1. Can you put E49, E196 in order, fewest other beta carbons within 10 Å first?
2. Enter the angle in degrees (range 0 to 90, nearest 10) between the Cα long axis of helix 34-49 and the first principal axis of the Cα atoms of the chain, meaning the one along which they spread out most.
3. Taking the Cα centre as origin and putting +1 on Lys and Arg beta-carbons and -1 on Asp and Glu beta-carbons, what dipole magnitude results for the chain, to the nearest 20 debye?
4. What are the residues whose amide H is under 5 Å from the amide H of L64, where those residues sit 5 or more places off or on another chain and H is modelled from the backbone?
5. Which of I181, I105 comes first, and how do the rest follow, when ranked by fewest Cβ neighbours within 10 Å?
6. Using θ = phi - 60° and the Karplus relation 6.51 cos²θ - 1.76 cosθ + 1.60, list the HN-Hα couplings for region 120-129 in order, rounded to whole Hz, with x at every Gly or Pro.
7. Which ordering of Y220, Y159 is given by a fewest-first count of other beta-carbon atoms within 10 Å?
Amino acid sequence: MALAGTACASLPEAPTELSELSSWLFQNFEAEDPAVLAVGMGNLQAFFEDRQLDDPLEDQAWELTELTDEHVADVEHPDRTPEAALPVGLVALSNFSPSEHAQVILLVDQTPVEPASPDLYERGFLEPTDPSCFPDRTCATLRTDNHIRKENFVMSIEYSKHKDYRWSELLPEQRETEHGIIGRSWFEDEAMGEQEATAIHQSYSIDVILPYGGDGSLRYVALWTEASMYGAGDDIIQATMRDGLLDMLAATETWLGEQAR
């Protein structure tokens, strides 16, 4: 993963504004050249460092543009128009470092950190099958398969999704190199709910954990989902997506706090 000497060479280019950068990070998650992802992650870190983010429990929502076929071309996904997936971006600060958050990623039972899935959120590890190498960056990539049952006031639905994680160096010229984590998830198939007219037709996300404020980190999640919820409009669907992300971020912070006692 070391990128020593990269600064002396020509660095790849990545967007600097959040909306375009979010979809760019999804598209370039599998970039073979580690400098590609490093520059994108560094740009994301620089974007938020220019904003006022003070309260570790304060959240900020951001408007994002839609995904396109080009952005999702390297993942198997439902035969639907990606632009139909509604976007939500959310950022929050954490008192815990990326390495501490990596311990959460290793949980087979993810229900303690996913309030919307209190009964079932089981994670399997595809590559490597022993994920213990990930928190200390002995292995840089972790690939998982997840079986989930989501419960909220408008739907009950069971589905599977892939979620992969990578450690990435950050290469802003003004700072020493640091490391962050990026996760990318997607549905291969549509998921139909138990209730009539409820479904998740397609869903994609990035989940970024960046070093921030000394021993803490910054959590940024971008989620694009096309769902049917009893004919609910886009505003209700996006509010439900946002509330689910907020609950996940808060539950993760609580779980890490309990482990630290």
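Every read-out reported here was derived from the displayed coordinates using simple, explicitly stated rules and does not represent laboratory data. From a predicted model like this one, the values you see are computed outputs, not experimental measurements. For neighbour counting, all protein chains shown are included, and Cβ atoms are generated from backbone atoms with ideal geometry for every residue, glycine included.
1. Working: E49 14, E196 9.
So the residues, fewest neighbours to most, are E196, E49.
2. Roughly 80 degrees, rounded to the nearest 10.
3. Working: 15 positive and 50 negative charges, 111 e Å.
Charge dipole, the chain, about its Cα centre: 540 debye, nearest 20.
4. G89
5. Values: I181 24, I105 21.
Ordered from fewest to most neighbouring Cβ atoms within 10 Å, I181, I105 come out as I105, I181.
6. 8, 8, 10, 9, x, 10, 8, 7, x, 6
7. On the way: Y220 26, Y159 19.
So the ranking, lowest neighbour count to highest, is Y159, Y220.
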